[in-house]
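Novice: Got a structure here, written out as structure tokens. Questions coming.
The values are calculated or read from the model by the stated rules, or taken from the named source; none is laboratory data. It should be emphasised that the depicted structure is a prediction, and the values quoted were computed from it without experimental measurement. Reconstructed Cβ throughout: ideal geometry from the backbone, glycine too, with neighbour counts over all protein chains shown. Accessible surface is based on the protein model in full, side chains and every heavy atom, while ligands, DNA and RNA are left aside. Shrake-Rupley method; radii C 1.70, N 1.55, O 1.52, S 1.80 Å.
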Amino acid sequence: AMTTDKNIFLAAQKNAKIDDPEEDDIYPSGTVCQIIQLLKLPDGTIKALVEGRKRGKISSFINNTEYFAVEIEIFDEENTVNSEMEALMRKVQSSFASYCKLSKDISPDISTTVKEIADPSILADTVVVHVNLKNDDKQDLLSTIEPASRMEKLLAILESELEILKLENKIHNRIKKQMEKTQKEYYLNEQLRAIQK
């Protein structure tokens, strides 16, 4: 790829623990990416910085013994923003903002950036990167070409994740209060002992 147009097709393995995957071990949907930078590490591995360009799907594998080579079908996404799409986008942005407030792992700047995105496909893909999802859910969203359908699936996932985060925070606060109460009682008991002495 580096000696030609720097384009590469990336598709995930169904099971990352398999060291030598076969064709059936690779998800058919993936992303056409352009290699931005390569970095050779001292241990011989190479890190690649890539930028996603378009969604694609493997139509067939080309016989190659060195690495996987495939023919792909590239999907052109229609990103028409009508009133229904606008409503979906606003709901995704709102749900993601709530998710960011509850999650300790996401910078508040990300929520602001997401509010500025006007392209439905880019919005959905940007949000997916920052939400803690199972690989199967990510793969399902990647395979969903139509932006409105992707937004609806993403909304359902976001709402579910929000409920889980709310419960986690509720449990955390309850445990914190119990610990504070126990510590306070211990401190008061120690004070009482000191007074008695």
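To keep it simple, each residue is scored yes or no on (1) surrounded by 14 or more Cβ atoms within 10 Å (Cβ to Cβ); (2) part of a helix (DSSP H, G or I).
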{"residue": "56", "(1), (2)": "yes, no"}
{"residue": "64", "(1), (2)": "no, no"}
{"residue": "80", "(1), (2)": "no, no"}
{"residue": "87", "(1), (2)": "no, yes"}
{"residue": "99", "(1), (2)": "yes, yes"}
{"residue": "105", "(1), (2)": "no, no"}
{"residue": "113", "(1), (2)": "no, yes"}
{"residue": "128", "(1), (2)": "yes, yes"}
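Novice: Here's a check for you: in region 39-54, which residue that is open to solvent by 80 Å² or more (accessible area, probe 1.4 Å) and touching a residue at least 12 places away in the same chain (Cβ under 8 Å) is farthest from residue 137 (Cα to Cα)?
Specialist: Looking at the filtered set, the residue picked out is 49.
Novice: Follow-up question, since we're still on this one. Identify all residues within region 1-38 that are open to solvent by 60 Å² or more (accessible area, probe 1.4 Å) and either among the aromatic types (Phe, Trp, Tyr) or in contact with a Phe, Trp or Tyr (Cβ under 7 Å, 6 or more places away or on another chain) (or both); write none if there are none.
Specialist: Of everything in region 1-38, those that are open to solvent by 60 Å² or more (accessible area, probe 1.4 Å) and either among the aromatic types (Phe, Trp, Tyr) or in contact with a Phe, Trp or Tyr (Cβ under 7 Å, 6 or more places away or on another chain) (or both) turn out to be 14, 23.
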